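The values are calculated or read from the model by the stated rules, or taken from the named source; none is laboratory data. Computed from a prediction, not measured in an experiment: that's the story for all the values here. Counting neighbours? That spans all protein chains shown, and the Cβs are built from the backbone with ideal geometry, glycine included. Please note that ligands, DNA and RNA were not included when accessible areas were found on the heavy atoms of the full protein model with its side chains. Shrake-Rupley method; radii C 1.70, N 1.55, O 1.52, S 1.80 Å.
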Amino acid sequence: MPPSKSSFRQQIGFATARDGVKIAYAQSGEGPPLVRAGSWMTHVEWDWQTPVWGPYIETLSRHRHLVRYDPRGCGLSDREVAGELTLDALVSDMECVVDAAGLERFSLMGSSQGGAVSLAYAGRHPQRVAQLVLLDAFVRGTLVRQPSAQKQVDAMCALVAEGWTEDNPAFRQMFTSQFFPAGTREQVDAFNELQRKCTSAEHAVRLVR
């Protein structure tokens, strides 16, 4: 279990998306509101306790009212989610969170797949987004950018389906190496374990596809 950090405080709440899916979100810090879009593998209860995201979250919370959330299928949000995992559904997750948190206008930060969600949200609700920050984000998925990568994606999904819940982190290490190629051993081990806590093998495959 990651060590406790008594200096950090957050409040966890739950919002309901348009289709009834429960979305978990966390609030911390004081100051101008900043929403971090949900992206690949998050867990609002565990993220801040890891050496990967902990310092990052605490730093953002020092001068901001930080709102983070777990997209559907991840973390403390509903894990068993029916239907196709669409961009509209992921935008709906953000919409219900910012409404539940009572945010009228805020800065929005999107990284990885959260970039596409942030751009879509900003396009639909421009009056609510004061600033938009994109970090290592993308608009189009791998197979749109590079259709020839289909076999690679299929192989990745097969590995995830077979090895996601294994005690041996070799399968999850494939993703960790992409996100943190220069990570320390402590960070790598923490992210390998965090991925398993964040979602099921079945939902991880849906996210990849």
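Worth a mention:
- Here segment 78-209 is treated with +1 on each Lys and Arg Cβ and -1 on each Asp and Glu Cβ, and its dipole about the Cα centre works out to around 480 debye.
- Taking the C-alpha atoms of segment 120-170, convex hull volume expressed per residue in Å³: 148 Å³
- Cα-based values for the chain, radius of gyration first and Dmax second, are 16.6, 49 Å.
- Trp46 sits with roughly 40 Å² accessible to a 1.4 Å probe, with DNA, RNA and ligands left out of the calculation.
- The slack between Gln150 and Asp99, meaning 0.36 nm per residue of separation minus the straight C-alpha distance, is 14.6 nm.
- Accessible surface of the chain, 1.4 Å probe: 53 percent of it comes from carbon and sulfur atoms.
- Protein heavy-atom accessible surface, 1.4 Å probe, per residue over the chain: 50 Å².
- Beta-bridge orientation, the chain: approximately 40 percent antiparallel, per DSSP, counting only bridges with both partners inside.
- Cα-centred dipole magnitude for segment 1-110, charges only on beta-carbon of K, R (+1) and D, E (-1), debye, nearest 20: 440 debye
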